[in-house]
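Here's the structure, in C-alpha cells; my notes come after.
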Amino acid sequence: MDIMAVREIRAWSETTPLPNTPEVVRGVINMRGAIVPIFDLRARFGMPRTEPTKYNVVIIVSVASRIVGILVDAVSDIITINEDEIRPMPEMEQVSGIGFMEGLITVGERMVGLIGLDRMFSGRMLDAAEGAARPMLAGPSENAGAA
C-alpha cells in the first residue's frame, strides 16, 4: 500500500465488536477520541479470520477521507519503488481479493503485492466503517433526576 496513506502502525489490541457488520469488520477502537473501525485483511481476501496474537499489528490508514485500521500479520519492510517497477497482475480467473491488487513488485527474489486501498475499501466496506463510527443514544445518565 502507498505509505502516504499510512497514519500509524499500532500493536494489536482487542476491539469492541459491533452487531450486524460484515465478517471482515473486527470491531472498533478508540484512538485518541476517534472511533476507528478495524478490518481483518485475511478475511477481506476471502481467507479465514485472523486469530490475533501479540505479533499482529494494525495499520491505521486514510482512505477516501476516512480513517480505518487494517489488522495484518506483520509489517516487515517499507520499500521505495518507482512507478515503472509495478507489474500488472497476471490475467486469471477472478479470485477473491485479487481485485484489490494494483500490481506486483519484484524485491530481490520475492514478489510483493501492491494493495489498492481505494479498491479494497470501496462502497459497502466504507459504509460499514461509517456505520461503525455513527453516534448512538446513550442510556439515562446518573444525574438525570438531580436538580
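Can you say whether ARG26 is part of a strand (DSSP E or B), more than 19 Å from SER76 (Cβ to Cβ), at pLDDT 90 or above and not hydroxyl-bearing (Ser, Thr, Tyr), as far as the supplied structure shows? So ARG26 fits the description; yes. The residue of segment 53-99 that is modelled with the lowest pLDDT, among those that are of a type in the set (Ser, Thr, Tyr), under 30 Å from ILE35 (Cβ atoms) and not in a strand (DSSP E or B), is SER96.
Among the residues of segment 18-54, those identified as of a type in the set (D, E, K, R), in contact (Cβ under 8 Å) with a residue 40 or more places away in the chain and surrounded by 11 or more Cβ atoms within 10 Å (Cβ to Cβ) are ARG26, ARG44.
Report, by residue number, each residue of segment 20-50 that is closer than 13 Å to VAL68 by Cβ and in contact with a Ser or Thr (Cβ under 6 Å, 6 or more places away or on another chain). Hits for segment 20-50 are ARG26, GLY27, VAL28, ILE29, ILE38, ASP40. Does segment 30-50 contain any residue that is in a loop (DSSP other than H, G, I, E, B), in contact with a Leu (Cβ under 8 Å, 6 or more places away or on another chain) and not basic (Lys, Arg)? Yes, segment 30-50 contains a residue that is in a loop (DSSP other than H, G, I, E, B), in contact with a Leu (Cβ under 8 Å, 6 or more places away or on another chain) and not basic (Lys, Arg).
Scanning segment 7-17 for residues that are in contact (Cβ under 8 Å) with a residue 24 or more places away in the chain and either surrounded by 17 or more Cβ atoms within 10 Å (Cβ to Cβ) or within 17 Å of SER122 (Cα to Cα) (or both) gives a single hit, TRP12. The single condition among (1) surrounded by 14 or more Cβ atoms within 10 Å (Cβ to Cβ); (2) of a type outside the set (Asp, Glu); (3) modelled with pLDDT of 85 or more; (4) in a loop (DSSP other than H, G, I, E, B) that SER122 does not meet is (3).
The values are calculated or read from the model by the stated rules, or taken from the named source; none is laboratory data. Fair warning: this is a prediction, and the values are worked out from it, not measured in the lab. Cβ sites come from the backbone with ideal geometry, for glycine too, and all protein chains shown count toward neighbours.
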